[in-house]
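Have a look at the structure that comes next, please.
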Amino acid sequence: MTTTSNDLPEVAKIEERGGWNFTIALHVEFQYEQYNRIKDFDQAKLKFPAGLMEIWNGRLSREVKVNKTVKESAFVTQLSNLDKERDKVLTSIFAIVRGQKLSPKKPTAEAATRLARVLKPYSNTQRASLDEESANIRALKEDVSTRTDDIATLGLTDSFTELFALNESFVALRLQRQVESPREDLPNSRVVRAETSEAYDVVCCYIEAAFLHAANEEDRAAIGALIKDLNKVTAAYKTTYNKKVGQRNRGAAKSDGDQSED
């Protein structure tokens, strides 16, 4: 809200409309917060042209879909990392069992030979499709359940426990990821954020104009209160953003400090 000296008419301004520096997730939340406040206000007092709010809402919906694809890419990265980890553990188990078959200690060699027979059907598991690998590891868990002594003899108890835990994490995350993907081609996050902010900026211009040209002082006061609310929301989101940036910067500084001590 902007006030003037007593001899000038009062004006009102919606502060820092864009939220350009926000992450796309924070930007979506910010835009929806402002959209809902404005939508709940008496639209007749704001004198919007027909379709303006619908245009803004449509752009917001596109930004939500882009935000979903960003989250999807994070899921893909997590799934890939879990898959690599379980492949690594599985490869290690196969290598140890194969090597221990040649152990000079008879009990160890015999345990490795017995376990190798159980593992043989799963020798190509790492090269299977993701879901096939998950199913194979679950089947392997059942098959080795009767070979706990041999596993302990070879020192592989922790390795098998880790493998099965990684597999369960992978399966759970893959189920969580099964959401509907956007079907149409979408712009990148920078473009869609700019489009949403552009619509919001136009809305803000109309609100400021409505304040100046209000039909009466009661309407002007109501629009002024709306502008104050919008500015409070903006200030709150800026505080949230600045806290996140500060935490990130402190983390980076600590990391640099740790490296300098090495």
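Add +1 for every Lys or Arg and -1 for every Asp or Glu among the other residues with Cβ under 13 Å from the Cβ of Lys101, and state the total.
Every neighbour counted, the sum reads +4.
Karplus couplings for the stretch 205-222 from phi (6.51 cos²θ - 1.76 cosθ + 1.60, θ = phi - 60°), rounded to Hz, Gly and Pro as x?
4, 5, 5, 4, 5, 5, 4, 5, 10, 4, 5, 7, 5, 5, 5, 4, 5, 5
Cross-link list Lys65/Lys228; Lys84/Lys141; Lys68/Lys232; Lys68/Lys228; Lys39/Lys238: which exceed 24 angstrom alpha carbon to alpha carbon?
Among Lys65/Lys228; Lys84/Lys141; Lys68/Lys232; Lys68/Lys228; Lys39/Lys238, the Cα-Cα distance tops 24 Å for Lys65/Lys228; Lys68/Lys232; Lys68/Lys228.
Using a 10 Å cut-off around each Cβ, can you sort Ser134, Ser61 from fewest to most neighbouring Cβ atoms?
Ser61, Ser134
Taking the Cα centroid of the stretch 16-68 and of the stretch 109-143, what is the distance between the two, rounded to the nearest whole Å?
That distance is 53 Å.
For Lys13, which sequence-distant residues (separation of 5 or more, or a different chain) have an amide H within less than 5 Å of its own amide H, given hydrogens modelled in the peptide plane?
Result for Lys13 returns Thr2.
Every read-out reported here was derived from the displayed coordinates using simple, explicitly stated rules and does not represent laboratory data. Keep in mind that what you see is a predicted model, and the values were worked out from it rather than measured. Methodologically, a virtual Cβ is constructed for each residue, glycine included, from the backbone with ideal geometry; neighbour enumeration extends over all protein chains shown.
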